[in-house]
Every structure is written in structure tokens, then in C-alpha cells.
Amino acid sequence: MKSEDKKLLPKINFPTWKTILVKLLEEEITKNPSTTIPIAQYLNQFAEKMDLIQNDIMNKSASVSLQMMIRSMANYCPDKTLPELSEIQKKFSGTKNEFHTIFNIEKNAFEWVSENITEVLGIYPNDFSLNQLIGSENNQPLIHPEDIPHFMRWAGISYLLFSIPGFTFESNTDYQIVKFRISTEKSKIESVRNLKYVLITKKSSLHINEETINSFGIPKYHFDTWSISEPSYFEIVKPMFVTSFDQSQFMNNLAFVINAMLIDIPVKYLLIINQRGNHDRNKSVANYINQNIRLYANVKFEFDENKIGDYLNKSIKPKITSIAKIWCPELKSAITGDLEIVNYTKKLGLCNMPNQIERLIYQNLDFE
């Protein structure tokens, strides 16, 4: 590109995550005006509860679940009474690699752990608790130390989303899935103990009934199915919400944005990192970003491979290093390569940016 052409190019300003959150909520309001409340009320809820999430993450507190759901404004569709459902749950044996629990949200404790946890995991029901999972009260955590910070962060985000006004959840039908590793050091089964860690896939569904709604109007219980597999299949800790199709998409997109806000990573950096994970060459990354600026913002802009390289080396590497050292205890030194940037960004749950979020970023670029 000629130097005189470069002078004619506008200066580009990227939107903040708060702006993207506002735009995402605006789009949802236009789709579902009868069930969506004003944006300001959403944002007040987010701002208030995000502080609670941060506090629980840093203090590894077991109170995160109740805190996130206090003053809940979601709609909950009831089902059978707890005794009826408990009997059904206790009689359901599941597969050979599963066990089940009933969790009391109000007490932050398991109400019941199925006996077959001993056959599946080699741990007695009485030795399986939230405090033991996260290592509070000076206990050695069952959850892999590399997964704990992500587990706590996503737990706060998940309970927040389960209390969002306008969402509707059906008892024991809508659910969340999350994967993480737990230690088998205390397992009574030698073959399981020798693995050192196993991969847990946890499926959680709220139980909703008039008798099990507390004074704040929130469900007291959720039912969990825990599936065990080899840890070699593990990638990252990141939940997925499964409800009605539109609501699932909206919840998962919200989770992505809230996670980015909590981690505090610049929008521009994340756009570049996501494409660096998809392309081997910086020139391809630049071309992709330029094409999307023209497509969505209708502005001619020319990132080049040298500019992308400069961002990755001079700005993004030190930023991701500082963030990853907070959330990824295994990182002891500075990140050195582009693929390492992508790898730690993936661990933070920020790769594979949703299409709607990417589009909103490009549509809300500002040019001078």
C-alpha cells in the first residue's frame, strides 16, 4: 500500500465489552419484547453480581451459588414434588460410569449422593462434598488445581444466568453441562486411583416445585448426573446451557461476554487471537479482519501482517501472560509463542467466539 493511501485510512476504535453486552441485550429485546426487561435493569443486575463472582473466585468461597441467585427474577416451571422426584432419581441407576446427586442450593451442600459413587469412583458418599471439591476449609481439593479457578468463575456466571429476568427454566428438563478433572488419590479402586485424575462431565438441572421454592422465589435444589471418563479427553472447563434453542443461544452468548468482562481482555486482542487460532499466517488473520470490517462496517481498512505481528508480540503476549497468571496456576513464566497465546486464551474460555458476538463487534466499530 502506498504511503499516501495509508494517510487516507481512518483511525479505528473498538467497542468495549460493556457496549457489546448492551447491543446483545438490545437485539434480544427486539426479538422477545414481551419477556425481556429494560437493558438498564439487566446491567444493574450484572454489575452488582459480577462483584460477587469476583469475590467468590478470589476467596474460593462455597457461598457462590446462593449469592448468585438471591433476588432471582427468572421464570421457573414446576414439576413433581421433591419426595416424588427423589424416589425416581434414587431408583435410576444410570450407566456404569455414572453417579447422581441432589444439591441443596440454599445450604450449599449435597442433600443426597447415590451409593454407586463408591462403585464408579471409589469414594464414599460421605466423602463427597462441595467443600472437598473446591478445597475450602483447608481441605485438599478434589478438583484438579488447574481447573479450580475456571470452575469457580464459571460457577458464578452460571448461577447468575440461571437467575436472569426474562429467562424461563423447566424443572428437570433444562440443564447445564460442564467438564473438569477431579483427583482419584482417595479412590478405593486401584485402576481408578492409578489414573490420578478422571474427567467429570456434570449435567445439572434445577428442580422446581412450590414446596421447594425458598422465600426469595428461587429453587432450592438441582439434580446432577456425574459421568466419569479418562482425563485424556479433557480440553477446557466451560459450561454449555441447554434449554429452548433461542434461549440456549442467548445464554451461551451472554456467558461468553460476561466471562470476557470478568477476565478483562481487550476486544481487539480477542478478535486477533481467535483468528490466529484459525489461521497459520498473520496475513490470513489480517485479511479476515479487513474483510469483516468492510462487510459489517462498510469501511475500507487495511490491517497488514506486520501490524498483526506487532500486536501479537508487543501487546497481546504480555497481556495474556498477566491474565493467565491469575487464572492458570500452571503458568510460571512469560508466554513466548503465538500458539501458546491461543492455548491459554482457550483455557480461559475465550476462543471460538460466537458468530453473533463477532458480528456485533464489527458492527460497532468507531472510525475517526
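Could you pull out which residues in segment 235-271 have an amide N less than 17 Å from a spot 7 Å beyond the Cα of Ile12, following the Cα-Cβ vector?
Only 266-271 pass the distance filter.
If you take the square roots of the eigenvalues of the alpha-carbon gyration tensor of segment 315-360 and sort them as a ≥ b ≥ c, do you get rounded (a/c under 1.5), prolate (a/b over b/c) or oblate? It would help to have the intermediate numbers written out before the result.
Working: a/c = 2.44, a/b = 1.98, b/c = 1.23.
It is prolate, given that a/c is not under 1.5 and a/b is the larger ratio.
Given a Förster distance of 35 Å, report the FRET efficiency between Asn298 and Ser232 from their Cβ-Cβ distance, rounded to the nearest 0.05.
Plugging the Cβ-Cβ distance into 1/(1 + (r/R0)^6) gives 0.15.
Calculate the spin-label point distance for Ser191 paired with Ile29, positioning each point 7 Å from the Cα along the beta-carbon direction, and give it in nanometres.
Rounded to a tenth, the inter-label distance reads 5.7 nm.
Which order results if Val267, Val120 are arranged by neighbouring Cβ count within 10 Å, fewest first?
Val267, Val120
At 7 Å along Cα-to-Cβ for each site, give me the label-to-label distance between Arg281 and Asn352 in nm.
Here the modelled spin labels are 2.8 nm apart.
Roughly speaking, what is the stretch gain from Met240 to Ser333, that is 0.36 nm per residue apart minus the C-alpha to C-alpha distance, in nm to one decimal?
Roughly 30.4 nm would be gained on extension.
For segment 104-110, take each phi angle, set θ = phi - 60°, evaluate the Karplus expression 6.51 cos²θ - 1.76 cosθ + 1.60, and give the result in whole Hz per residue in order, putting x for glycine and proline.
Working through the residues one at a time gives 8, 5, 5, 9, 6, 8, 6 Hz.
List, in order, the whole-Hz ³J(HN,Hα) value for each residue of segment 117-124 obtained from phi through the Karplus relation with A = 6.51, B = -1.76, C = 1.60 and θ = phi - 60°; use x for Gly and Pro.
4, 5, 6, 7, 10, x, 10, 6
Rounded, prolate or oblate, given the Cα gyration tensor of segment 246-368, with a/c below 1.5 counting as rounded?
Oblate.
If amide H atoms are built 1.01 Å from N in the plane of the peptide, which residues on other chains or at least 5 residues away come under 5 Å of the amide H of Phe167?
The list, which skips near neighbours in sequence, is Asn75.
Which entries of Lys96/Lys202; Lys202/Lys238; Lys196/Lys238; Lys186/Lys325; Lys11/Lys300 show an alpha-carbon separation above 19 angstrom in the structure shown?
On the way: Lys96/Lys202 15 Å; Lys202/Lys238 11 Å; Lys196/Lys238 22 Å; Lys186/Lys325 29 Å; Lys11/Lys300 11 Å.
Flagged as over cut-off: Lys196/Lys238; Lys186/Lys325.
Loop only per DSSP, at most 13 neighbouring Cβ atoms within 10 Å: give me the GluC sites (Glu not before Pro) in segment 289-330, ordered by residue number. Mind showing how you got there, number by number?
Working: sites: Glu302, Glu305, Glu330; in loops: Glu302, Glu330.
Within segment 289-330, the qualifying GluC sites (Glu not before Pro) (loop, at most 13 other Cβ atoms within 10 Å) are Glu330.
So how do 230-237, 151-158, 111-118, 20-27 stack up, highest first, on mean other-Cβ count within 10 Å?
Packing order, densest peptide first, comes out as 151-158, 20-27, 111-118, 230-237.
Coordinate-derived values only; no laboratory data. The shown structure was predicted, so the numbers you read here are calculated from the model rather than taken from an experiment. When we count neighbours, we look across all protein chains shown, and the Cβ atoms used for this are built from the backbone with ideal geometry, even at glycine.
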